[in-house]
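Chemist: Before I ask anything, here is the structure I am working with.
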Amino acid sequence: MKDYLHVGNAKELTSPADRRLYRFFEILPGVLAWATLLFVVAISFLTPTFAAIFIILFDIYWLIKTIYLSLLTRSSFFQMRRNLKVNWLERLEQLDRSSVISNKLSVGSWQDLYHLIILPAYKEPYQIVRESLEAINKARYPHEKFLVVLGIEERAGEHGVELTRQAEAEFGSAFGHFLTTVHPDGLPGEQAGKGSNEAWAGQRAKEHIIDKLGIPYQRIIVSVFDIDTIVPHDFFACLTWHYLTAKNPLRASYQPIPLFTNNIWSAPAFARVFAFSTTFWQMIQQARREQLVTFSSQSIGFQAVVDVGFWQKNIVSEDSRIFWQCLLHYDGDWETVPLYYPVYMDANVAPTFWQTVRNQYKQIRRWLWGAENIPYMMFGFNKNKKIPAWTKWHHNFIQLERTHSSATNALIMFLLSWLPLWIGGSHFTVTILSYNLPKITAWILGVAMLGLVTSALISIMLLPPRPPNYGKLKWLWMFFQWILFPINFIIFGAIPALDAQTRLLLGRYLGFWVTPKSRK
């Protein structure tokens, strides 16, 4: 195995040259973000005319991009709706009869495949754990093919013990195999978090179930779900069909669309806007397969998990890191297959409004700490000479641009657009361009914001049934809540992104923060 596949940060490298190179890549995202923002401030002061032209062109670029992304969102949404209407078990039976099942898996039928389902848990209420297990139990798929693992953290204490007891009592005989594991606290080389827990759970499943039964690894699809994930009845049939029809099933991850709607009615407006924005971003990525990287709840062939040494135990963003581990291990021969099929998860809800604000910020910062994949990817590309140059350039550009824009775009559009007027000096404020800049900027941004109508309409169609304790006027606020998007874009977008990238720049590595789960 390539020795750089499990590097967590620059400090872990023993070679001074490697450590310096990795550290350079860690610094890069933050430097680019701050350099861009300082550049806009500097040119607004030194050459306000050039700054005004730059800002207008940037706003036009954003307008075009908004239209493009809105079209991708609509395309993925309608594809998801079509997939929800498909009888996937029937599709699998047709697949058996058509004899097109991949011979790379050494299977004669879809029923030769097993599903290993890992549910890492910490201190969540049993109600949430139960609903996730109950959804799997209700799946229209042969239950004897389910190998379900509930991974409890030792540091959860008595609560974890009680979770295990209740889950085993209710679901111990519901599946082909049901295993509970307890991840020890403080193991050497590990960071407390989801990655180390699911790696422990996967290794115990391999020892106690898979190897004992002698199941070939290529016949196992492993799904790692956040503990609040509720799967639709046909999810595993849909996943199996995509696994069997993939160009190379053993060289791909499989990504559903996360819908954060389990508790959406009880979430504050800003949390709802962010929840749907995350869903729409994932819809966009499903339509851009060449850019799709794994996120949150996802699936992958178990053979690949074993080949790369399981999920990384010393990082925060293990859900996306597994993609890069596989891409590097298989010399660039790896992709993410979009399922265009949903899984249902929780929006951020805490007992109080301000606690929800704090939790939302911390959750987003943890997600945007995915910037730690930039140095991992670039360092791995530098080490692995077998990966084609085009593959390296493609991923380098896409990931750097995405990381950079997450920290800068909103600030440039909504805050820095007015800088030439504020600090450009009297020689600029008397010009025609100065007079027209706010009008042009406001018009372009206003047209761009019309794209939010699409988001508002789709979000209404994605809502679960309205609970009886909410009045009908709640529907109206569900539509008009999107006026909060510009504020959300900055407070719960650019600022936590800049926070994460600055911490990485300074070497102040972020630990894993578990999002508290709360439902009213």
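Chemist: Within region 270-284, can one find any residue that is of a type in the set (Gly, Ala, Ser), touching a Cys at 6+ places or on another chain (Cβ under 6 Å) and more than 19 Å from SER132 (Cβ to Cβ)?
Modeler: Quick first cut of region 270-284, residues of a type in the set (Gly, Ala, Ser) only: 271, 275, 277.
Next, from what is left, pick out any that are touching a Cys at 6+ places or on another chain (Cβ under 6 Å): none.
For region 270-284, residues of a type in the set (Gly, Ala, Ser), touching a Cys at 6+ places or on another chain (Cβ under 6 Å) and more than 19 Å from SER132 (Cβ to Cβ): absent.
Chemist: I would also like to ask the following. Select from region 196-219 the residues that are among the aliphatic types (A, V, I, L, M) and either over 23 Å from the mean Cα position of the chain (by Cα) or surrounded by fewer than 18 Cβ atoms within 10 Å (Cβ to Cβ) (or both) and list them in ascending order. Even if it seems obvious, please write down each step before you answer.
Modeler: Residues of region 196-219 that are among the aliphatic types (A, V, I, L, M), as a first pass: 199, 201, 205, 209-210, 213, 215.
Once the filter is applied, which keeps residues that are among the aliphatic types (A, V, I, L, M) and either over 23 Å from the mean Cα position of the chain (by Cα) or surrounded by fewer than 18 Cβ atoms within 10 Å (Cβ to Cβ) (or both), region 196-219 yields ALA205, ILE209, ILE210, LEU213, ILE215.
Chemist: Can you go through GLU318, GLU335 and tell me which one is in contact with a strand residue (DSSP E or B) (Cβ under 9 Å, 6 or more places away or on another chain), under 24 Å from PHE225 (Cα atoms) and surrounded by fewer than 24 Cβ atoms within 10 Å (Cβ to Cβ)?
Modeler: The unique qualifying residue is GLU335.
Chemist: Hey, among ILE440, ILE374, ILE432, which residue is exposed (fewer than 15 other Cβ atoms within 10 Å of the Cβ) and not hydroxyl-bearing (Ser, Thr, Tyr)?
Modeler: ILE432
Chemist: A follow-up question, please. Within region 468-511, how many residues turn out to be at pLDDT below 85, more than 23 Å from TRP354 (Cβ to Cβ) and either in contact with a Lys or Arg (Cβ under 9 Å, 6 or more places away or on another chain) or of a type in the set (D, E, K, R) (or both)?
Modeler: 2
Chemist: Another question, then. What pairs come out if I take residues in region 411-422 that are in a helix (DSSP H, G or I) and pair them with residues that are polar (S, T, N, Q) whose C-beta lies under 7 Å away, six or more apart or interchain?
Modeler: Filtered contacts from region 411-422: SER417/THR441; LEU419/SER44; PRO420/SER44; LEU421/THR429; LEU421/SER434.
Results for (1) touching a strand residue (DSSP E or B) at 6+ places or on another chain (Cβ under 8 Å); (2) surrounded by 14 or more Cβ atoms within 10 Å (Cβ to Cβ); (3) at pLDDT below 90; (4) of a type in the set (A, V, I, L, M), shown as yes or no for each residue.
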residue	(1), (2), (3), (4)
ARG91	no, yes, no, no
TYR122	yes, yes, no, no
TYR126	no, yes, no, no
VAL129	yes, yes, no, yes
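Yes or no, residue by residue, for (1) within 19 Å of GLN363 (Cβ to Cβ); (2) in a helix (DSSP H, G or I):
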position: ALA237; (1), (2): no, yes
position: LEU244; (1), (2): no, yes
position: SER277; (1), (2): yes, yes
position: ILE300; (1), (2): no, no
position: TRP324; (1), (2): no, yes
position: LEU327; (1), (2): no, yes
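Chemist: May I pose another question? Within region 458-473, take every residue that is of a type in the set (A, V, I, L, M) and farther than 15 Å from MET283 by Cα and give me the one that is nearest to the chain's Cα centre (by Cα).
Modeler: Across region 458-473, the extreme among qualifying residues is LEU463.
The values are calculated or read from the model by the stated rules, or taken from the named source; none is laboratory data. As the structure is a prediction and not an experimental result, all values here were calculated from the model. A quick note on method: Cβ atoms are made from the backbone with ideal geometry, for glycine too, and the neighbour counts reach across all protein chains shown.
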